[in-house]
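These notes concern the structure reproduced below.
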Amino acid sequence: PVLSGKIKSVEAMFPNGDVSMVENVYKKNEILKIYSQLVAEAVKAFVENKTKENSGQTIRILEIGAGTGGTSAFVFEALEGLTSNLHYCYTDISGGFLQHGKSSYGKNRPFIEFKVLDIERDLQPQNFALGSYDIVFASNVIHATKQIKNTITNAQTLLKKGGMLLLNETTK
């Protein structure tokens, strides 16, 4: 049906807006789990160090293309107990994924903001302040952009001086 044009590819992957088929790819893959845990450990270490340096200062994290939250879940678990001065921006190009993220991770986590972000487009008209995040990270999403160099440049412009850009792409 996709090849014949009867349905769009997103309808095949997400029938009736259901993300479970894709969610299982990211949440039940043992290799992806390992790398998601590494991302979570790196984010936690950065937050702990930043907290020691500037106690009381809000640490701002932006996740690009959070999708079903395959990596987000590990990051949220790693950040338990470190959220008092934390602002976490869970983004995706899809409003459906944001709704899924909100229902899966938003309860009891008031430090999370859910926003649509197209990392390939100009960021300021999308209400993202340049140079305002301590950490920007993306897991298994940058490869899907049209111009990776432009995408990474946009991601870098969101960082504060001394911030960390963390890219995780599983290739096999």
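Remarks
- Within the range 38-46, the presence of a residue that is open to solvent by 80 Å² or more (accessible area, probe 1.4 Å) and modelled with pLDDT under 85 is excluded.
- Look at the range 34-55: where a residue is of a type in the set (Val, Ile, Thr) and a partner is part of a helix (DSSP H, G or I), sitting 6+ places away or on another chain with Cβ atoms under 7 Å, you get Val39/Phe74; Val39/Val75; Val43/Val75; Val43/Ala78.
- Some residue of the range 90-109 being closer than 23 Å to Glu53 by Cβ and out of contact with any helix residue (DSSP H, G or I) (no Cβ under 6 Å at 6 or more places or on another chain): no
- Residue in the range 78-97 that is small (Gly, Ala, Ser) and touching a Lys or Arg at 6+ places or on another chain (Cβ under 9 Å) present: yes
- Residue match in the range 64-75 (condition: over 17 Å from Ser36 (Cβ atoms), part of a strand (DSSP E or B), at pLDDT 95 or above and open to solvent by less than 50 Å² (accessible area, probe 1.4 Å)): no
- Leading residue by the ranking (surrounded by the fewest Cβ atoms within 10 Å (Cβ to Cβ)) among those in the range 155-172 that are in a strand (DSSP E or B) and more than 15 Å from the chain's Cα centre (by Cα): Lys161
- Condition check for Thr170: β-branched (Val, Ile, Thr) and over 29 Å from Ile31 (Cβ atoms): no
- Selection from the range 76-107 of residues that are under 28 Å from Lys146 (Cβ atoms) and open to solvent by 50 Å² or more (accessible area, probe 1.4 Å): Ile93, Gln99, Lys102
- Residue that is nearest to Ser84 (Cα to Cα) [pool: residues in the range 108-143 that are surrounded by fewer than 19 Cβ atoms within 10 Å (Cβ to Cβ) and in contact (Cβ under 8 Å) with a residue 60 or more places away in the chain]: Ser132
The values are calculated or read from the model by the stated rules, or taken from the named source; none is laboratory data. These figures come from a predicted structure and were not determined experimentally. Counting neighbours? That spans all protein chains shown, and the Cβs are built from the backbone with ideal geometry, glycine included. Heavy atoms of the whole protein, side chains included, go into the accessibility calculation; ligands, DNA and RNA do not. Shrake-Rupley method; radii C 1.70, N 1.55, O 1.52, S 1.80 Å.
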